[in-house]
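The structure appears right after this line, and notes come after that.
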Amino acid sequence: MKMIRTIDELKRWRESLDGPLGFVPTMGALHEGHFSLVRCSKQENPYTIVSIFVNPTQFDDPEDLRKYPRTFERDKELLEREGVDAVFAPTVEEMYPKGFEDEDAHYDFGYLERILEGAHRPGHFKGVAQVVAKLLRAVEPDVLYLGQKDYQQVLIIKKLIEKLSMPIKVVMCPTVRESDGLAMSSRNVRLSPQQRENALALYRSLIKAKEVYEQGGSVVEAKQEAMKILESAPLIKEIDYFEIVDADTLKPINNWDEADKVIALVAVRMEGVRLIDNMFIK
Ligand code: AMP
């Protein structure tokens, strides 16, 4: 497995390849969710590269950035075991030689970046687009693997790729969950045992909304029932949102037949940790 630290080195490695390259961007602290993307890429491409970079410009909360788990040596070992061809782990200076305010900082995604995560994490998607644009130009992958766990991010990155006019296919892989249903996340290690228990309310709220739909209930009922579950978890301090929307546009719907594909998305804050999850309803 090749360890790459600079964009120049990365470009040289890229030029030496003789077949399609799959790319899995991550912020490290790797778990089964990340490895599912790696396995998918390895099945579909002769070469797979993983990036590990905790991107400062996508954190709206400095405390969250400071506390973000960093387990680089362990990550490297696990990726080696997965049979990844290369790891790109640049420094902040390598990615932002001109500082954080650079030409990539200003992509505009309109409505898509103003709602849900965008509304509750100001500047988050600008930061995501900024770093992903740099990574895509450096890696020049054929296929990009992203997790459904961050559904809105997948839509934003698809738009970004259109803007960059790069011939990159995007594959979205399903959310990997713990055996009780909690979506895997690097931030889960920050949960206390009691918070970990309360965090299950996210998954339960999504399952409930789907049940209401399947049993013929309305969108309003589905939201109400889901909110009851979230509100009954005492360690959930704030519910940022629970929304049921058109999966293509993220516009809220009032009736199930307003969209072909419907998704429910949820975000909550616990003491010191923010969690998100989502599920296709229809
Ligand atoms: P992160 O390291 O959190 O930035 O995530 C890197 C990639 O892994 C993103 O495309 C995420 O959507 C994806 N990912 C994170 N958690 C999961 C999960 N539980 N299941 C599937 N993909 C995930």
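The values are calculated or read from the model by the stated rules, or taken from the named source; none is laboratory data. This is a predicted model, so every value here is computed, not measured. Neighbour counts run over all protein chains shown; Cβ positions are idealised from the backbone, glycine included. Remember, those area values only see protein heavy atoms, side chains included, never the ligands or the DNA or RNA. Shrake-Rupley method; radii C 1.70, N 1.55, O 1.52, S 1.80 Å.
Before moving on, here are some points about what is shown:
- Condition check for S205: open to solvent by less than 40 Å² (accessible area, probe 1.4 Å) and either in the same structural domain as R70 (by TED's automatic domain parsing) or among the small types (G, A, S) (or both): yes
- Hits in region 40-50 - residues which are within 22 Å of Y96 (Cα to Cα) and either more than 16 Å from the chain's Cα centre (by Cα) or near the ligand (Cβ under 9 Å from one of its atoms) (or both): I49
- Only one entry of L17, L37 meets the criterion of being hydrophobic (A, V, I, L, M, F, W, C), out of contact with any helix residue (DSSP H, G or I) (no Cβ under 7 Å at 6 or more places or on another chain) and within 11 Å of the ligand (Cβ to nearest atom), and that entry is L37.
- Restricting attention to region 254-280, the residues that are modelled with pLDDT under 95 and more than 20 Å from R196 (Cβ to Cβ) total 0.
- Candidate set from region 105-118 (those that are touching a residue at least 12 places away in the same chain (Cβ under 8 Å) and closer than 17 Å to D246 by Cβ); member that is most open to solvent (accessible area, probe 1.4 Å): Y111
- Pair list, Cβ < 7 Å and 6+ apart or interchain, from region 141-166 residues that are at positive phi to residues that are within 13 Å of the ligand (Cβ to nearest atom): none
- Leading residue by the ranking (farthest from F72 (Cα to Cα)) among those in region 12-25 that are among the small types (G, A, S) and assigned to a loop (DSSP other than H, G, I, E, B): G19
- Failed item, numbered, when D60 is tested on (1) closer than 21 Å to G99 by Cα; (2) modelled with pLDDT of 95 or more: (2)
- Unique match (being under 11 Å from I281 (Cα atoms), of a type in the set (A, V, I, L, M), in contact (Cβ under 8 Å) with a residue 12 or more places away in the chain and open to solvent by less than 60 Å² (accessible area, probe 1.4 Å)) among V266, V262: V262
- Residue satisfying all of: in region 227-244; without any contact (Cβ under 8 Å) to a residue 40 or more places away in the chain and more than 12 Å from A267 (Cα to Cα); surrounded by the most Cβ atoms within 10 Å (Cβ to Cβ) among these: I244
- Tally of residues being within 10 Å of the ligand (Cβ to nearest atom) and out of contact with any helix residue (DSSP H, G or I) (no Cβ under 6 Å at 6 or more places or on another chain) across region 154-165: 1
- The criterion of at least 3 residues that are charged (D, E, K, R) and open to solvent by 20 Å² or more (accessible area, probe 1.4 Å) is met by the following helices (runs of 4 or more DSSP H) wholly inside region 26-104: 32-44, 62-67, 72-82.
- Every residue from region 168-211 that is within 18 Å of E231 (Cβ to Cβ), in contact with a helix residue (DSSP H, G or I) (Cβ under 9 Å, 6 or more places away or on another chain) and free of Cβ contacts under 8 Å to residues at least 60 places away in the same chain: R204, K208, E211
- When K169, K149 are checked against the criterion of being in the same structural domain as G118 (by TED's automatic domain parsing), more than 11 Å from the ligand (Cβ to nearest atom) and touching a strand residue (DSSP E or B) at 6+ places or on another chain (Cβ under 7 Å), K169 stands alone in meeting it.
- Qualifying residue in region 180-202 (condition: surrounded by fewer than 20 Cβ atoms within 10 Å (Cβ to Cβ) and under 30 Å from W13 (Cβ atoms)): yes
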